[in-house]
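Only the coordinates and a few stated rules stand behind these numbers; no lab work does. No experiment lies behind these values; they were computed from the predicted model shown. All Cβ positions, even for glycine, are placed from backbone atoms using ideal geometry, and neighbour counts span all protein chains on display.
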Amino acid sequence: MVPSFCRFLAGSRINLQFLTTENRPTGAVLAGCVTTGDCTRLKPLINKDATLAGRVEYTQSVGLLTLFPHRSSLAMFGRSLDILLRAGIKVFAMASSIGALTYVVDYNRIDKAAAILKKKFNLDDNHAPFRAEFTVAQGTEPRPGSGGR
């Protein structure tokens, strides 16, 4: 399911800012974030797809909060998640990499979440939680040096 969903998004020229998966006995469960504009385009496309129609849930207005670095610390992961939940900040999804923990939280509470984590962990500014703010553009024109026409 994951590869076919990613191919579906790529074919529809929709970018994912975040993707995480969970394997369950009933199959894979995916959580992903797209921009509001892409979501508007995505919904009718998914409703037309026989394998995806009726299997997608939408949550409005979320943002990515990244805590970096966590130095592969399972204790920091558990503690930061506990801190957010005790503060009443709903975590819709989460993921970790070698250096970063990423939480998908209510966009309206993202600044509060960052402030709480910064205070509880006494982080320097260059190690503080931050909001992911980026845009990815796709095009059909070959880039210089890409070997395209």
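When peptides 102-112, 86-96 are ranked by their average number of other Cβ atoms within 10 Å per residue, the highest-first order is 102-112, 86-96. Which of the three applies to region 2-48, rounded, prolate or oblate, going by the alpha-carbon gyration tensor with a ≥ b ≥ c and a/c under 1.5 meaning rounded? It is prolate, given that a/c is not under 1.5 and a/b is the larger ratio.
When peptides 75-84, 49-58, 4-13 are sorted by average Cβ neighbour count within 10 Å, with the highest value leading, the order is 75-84, 4-13, 49-58. The phi torsions of region 92-97, fed into the Karplus equation with coefficients 6.51, -1.76 and 1.60 and a -60° offset, translate into couplings of 7, 7, 8, 7, 9, 10 Hz, rounded to whole numbers, with Gly and Pro shown as x. Rounded to the nearest 0.05, the FRET efficiency derived from the C-beta distance between Ser4 and Tyr107 at R0 = 22 Å is 0.15.
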